[in-house]
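Read the structure below first, then the notes.
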Amino acid sequence: MLAVETKELSRSYAGRERGTQVRALDGLSLHIHEGEVFGLLGPNGAGKTTLVKLLSTVLLPTSGSAAVLGNDVVRETAAVRRQIGIVFGGDRGLYPNLTARQNLEYWAALSLVPAREAPARIDALLARVGLHERAQQLVQGYSRGMKQRLHLARGLVGNARVLFLDEPTIGMDPLAARDFRGLVRELRGEGRTILLTTHDMSEAEAVCDRVALIDHGRLLALETPRTLAQLIARNERVDVDGIGEALVQRVRSLPGVSTVRSLAESSSYRIEFADGQAMNAVLSVLVAAGINSIRTSRPNLEEVYLHVIGDRGLRV
């Protein structure tokens, strides 16, 4: 059985101007297998959160269909809700005037966790996310990272088979984010299915079995992290300072160099490649010319779209 399946799923909102429509999702079709960690990548406004809200029955689709573990999100809402957990970022879904334990007790009751099982389950979850010693503290005194960890415990309190994690590491420090990724791997080992939305490429590469790139509600690419990493690596670029016009022209003429452009915010130049093998030749020319201020980097996610996928309606 597929854990999640969408067919031509669309969702439109009324635009700011009268009579206009904004399509947050535009005919999105996905298949997510049971036990898979599936990453949904895209910039803000790509439609990631809208998809999570549709799959978790918070919103209704404008057209198309979606099912979770074989249950239609419109016709079988109650069955879907019994099998999912949701982790949204920020303060949504948490009650600041309650303690962490009280928050989880409330959500356990809503998830129909038997009263005799709830205390032990809550204790285990608080320990699992590193909040056991702060369980009696009001959530309003929590840091953003602590709130994110409590969100994760809340998403697990109903023993969900499918977890939707919407930007789950926002506000976490690097150590907490690393621990969170370890927890995701543990959850996958338990056979749970996880849909992770993020704009952090490294996070997706670290934990996901497959990743989908979306923008403006459309699927642009669906790949394994390894394949996506290879696509990104082909677009590694070089930033260089102190390069004269004659050297710029020489570098432009080298095989495999796609562009050499001045960076508007500085006196640097950025060299980009059509062929990943061209970098070594460029670096040799720069070093031989006495240039010693050279930096290599990879494009961010939005740049990957432009380099690898093409613009295809993407505006950044």
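Here is how the numbers come out for the structure above:
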item	result
Residues located in segment 87-110, provided they are in contact (Cβ under 8 Å) with a residue 40 or more places away in the chain and polar (S, T, N, Q)	97, 99, 103
Qualifying residue in segment 92-108 (condition: among the aliphatic types (A, V, I, L, M), exposed (fewer than 15 other Cβ atoms within 10 Å of the Cβ) and either over 20 Å from residue 192 (Cα atoms) or in contact with a Pro (Cβ under 8 Å, 6 or more places away or on another chain) (or both))	no
Residues (of a type outside the set (D, E, K, R), within 29 Å of the chain's Cα centre (by Cα) and closer than 23 Å to residue 133 by Cβ) located in segment 103-118	103, 104, 106, 107, 108
Subset tally (residues that are surrounded by 16 or more Cβ atoms within 10 Å (Cβ to Cβ) and either of a type in the set (D, E, K, R) or within 34 Å of the chain's Cα centre (by Cα) (or both)) for segment 241-267	3
Exclusive hit being among the charged types (D, E, K, R), closer than 18 Å to residue 38 by Cα and in contact (Cβ under 8 Å) with a residue 12 or more places away in the chain, set 188, 154	188
Selection from segment 111-143 of residues that are closer than 26 Å to residue 170 by Cβ and in contact (Cβ under 8 Å) with a residue 40 or more places away in the chain	111, 128, 129, 130, 138, 139, 140, 142
Options 136, 230: the member that is at pLDDT 85 or above and farther than 29 Å from residue 10 by Cα	136
Residue 76 being under 23 Å from residue 191 (Cβ atoms) and among the acidic types (Asp, Glu)	yes
Residue tally, condition surrounded by fewer than 16 Cβ atoms within 10 Å (Cβ to Cβ) and either under 16 Å from residue 292 (Cα atoms) or of a type in the set (Phe, Trp, Tyr) (or both), over segment 271-280	1
Residue under evaluation residue 180, criteria (1) in contact with a Pro (Cβ under 8 Å, 6 or more places away or on another chain); (2) in contact (Cβ under 8 Å) with a residue 40 or more places away in the chain, criterion not met	(2)
Residue count, segment 132-158 (criterion: over 18 Å from residue 57 (Cα atoms) and within 24 Å of the chain's Cα centre (by Cα))	13
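The values are calculated or read from the model by the stated rules, or taken from the named source; none is laboratory data. Quantities reported herein were computed from a predicted structural model and do not represent experimental measurements. Because the Cβ atoms are built from the backbone with ideal geometry, glycine has one as well, and the counts that use them run over all protein chains shown.
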